[in-house]
Amino acid sequence: MKTKLLAVFLILTTSASMAAAATPYPSSYQGAHKGTAPAQQAAQPAQLLKAGINKLTAFIRAGGANDKARAAAFLRQEIAPYFDFAYMTRWSAGPAWRRMSPKQRASMQTQLAESFMTILAQQLATYSNQQIRYFTPRGQSSDDVTVSAWIMQPSGYPTKLEFRFYRGKSGWKVFDVKAAGNSAVVYYRNHFKDMYSHSSQPRYYN
């Protein structure tokens with residue numbers, strides 16, 4: 001599952017194990033969902049996805065991913081605002097969210113965002129300029145839309161990605177991604193459940 005989800009990181013987001021040996025991102029990511037991607041208030045999900053992917057791939061082609069410090073700053077300033085880590089964390093926590101204290105929620109959100117962006121930074125340089133195809137958005141409701149994008153491979157089947165957006169007070173934000181049917185939110189839910197079931201920290205899950 002990790003291998004499939006890492007493909008998502010090549011574009012805009014993904015899910016993977018907590019990178020304990022990696023340099024963590026600052027706790028400012030806890031509030032990253034409050035940022036605003038350029039023109040996000042008026043743009044629709046499909047437009048936002050294309051804009052974010054174009055911005056990221058242009059950065060990679062320019063060689064920015066080869067400088068770790070520069071890549072970290074770019075992701076923090078330009079890519080993180082497309083996501084709502086608070087909303088993603090709440091979905092990842094599931095029913096356990098209701099039993100968590102504000103401090104526990106903030107801690108879980110920080111860990112998720114750090115993992116999320118650290119692995120993205122580590123994987124940027126592996127993108128090799130594949131063609132990307134976009135598909136018509138489909139909605140769960142007027143405020144919940146999924147946009148599919150395929151990474152076309154020179155040989156073999158494309159990598160199929162699904163970006164799930166919701167519309168909140170700050171506009172449309174990504175809160176989940178699926179690669180080959182595997183959900184980042186579901187992965188993190190299982191990851192945190194397993195992590196806290198084997199630690200001395202307060203258990204969020206029963």
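Which order do the peptides 145-153, 45-53, 109-117 come out in when sorted by mean C-beta neighbours inside 10 angstrom, highest first? Write down the numbers at each step before the final one.
Values: 145-153: 17.6, 45-53: 19.8, 109-117: 23.4.
For the peptides 145-153, 45-53, 109-117, the packing ranking is 109-117, 45-53, 145-153.
Please report, as a whole percent, how much of the solvent-accessible surface of the stretch 48-206 comes from carbon and sulfur atoms (probe radius 1.4 Å). The partial results should precede the final answer.
Numbers: 3790 of 7820 Å².
C and S atoms contribute 48 percent here.
Hey, can you rank 160-170, 54-64 by average C-beta count inside 10 Å, highest first?
On the way: 160-170: 18.3, 54-64: 14.8.
By packing density, highest mean first, the sequence is 160-170, 54-64.
Between Q44 and A180, what is the FRET efficiency for a Förster distance of 30 Å, r being their Cβ-Cβ separation, to the nearest 0.05? Walk me through the intermediate numbers first.
On the way: r = 25 Å, r/R0 = 0.85.
Efficiency, from the Cβ-Cβ distance: 0.75.
Zone of Q131 (label point 7 Å along Cα→Cβ, backbone N under 15 Å): which residues in the stretch 151-170?
Taking a point 7 Å out along Cα→Cβ of Q131, the residues of the stretch 151-170 whose backbone N falls under 15 Å are 151-159.
Under the 0.36 nm per residue contour assumption, what length would be gained going from the current alpha-carbon distance of N66 and S142 to full extension?
Values: separation 76, 0.36 × 76 = 27.36 nm, distance 3.98 nm.
Gain on extension, N66 to S142, equals 23.4 nm.
The values are calculated or read from the model by the stated rules, or taken from the named source; none is laboratory data. Please read all numbers here as calculations on a predicted model, not as lab measurements. No Cβ is skipped: glycine too gets one built from the backbone with ideal geometry, and neighbour counts run over all protein chains shown. Just so you know, the surface numbers come from the protein's heavy atoms only, side chains and all, with ligands and any DNA or RNA stripped out. Shrake-Rupley method; radii C 1.70, N 1.55, O 1.52, S 1.80 Å.
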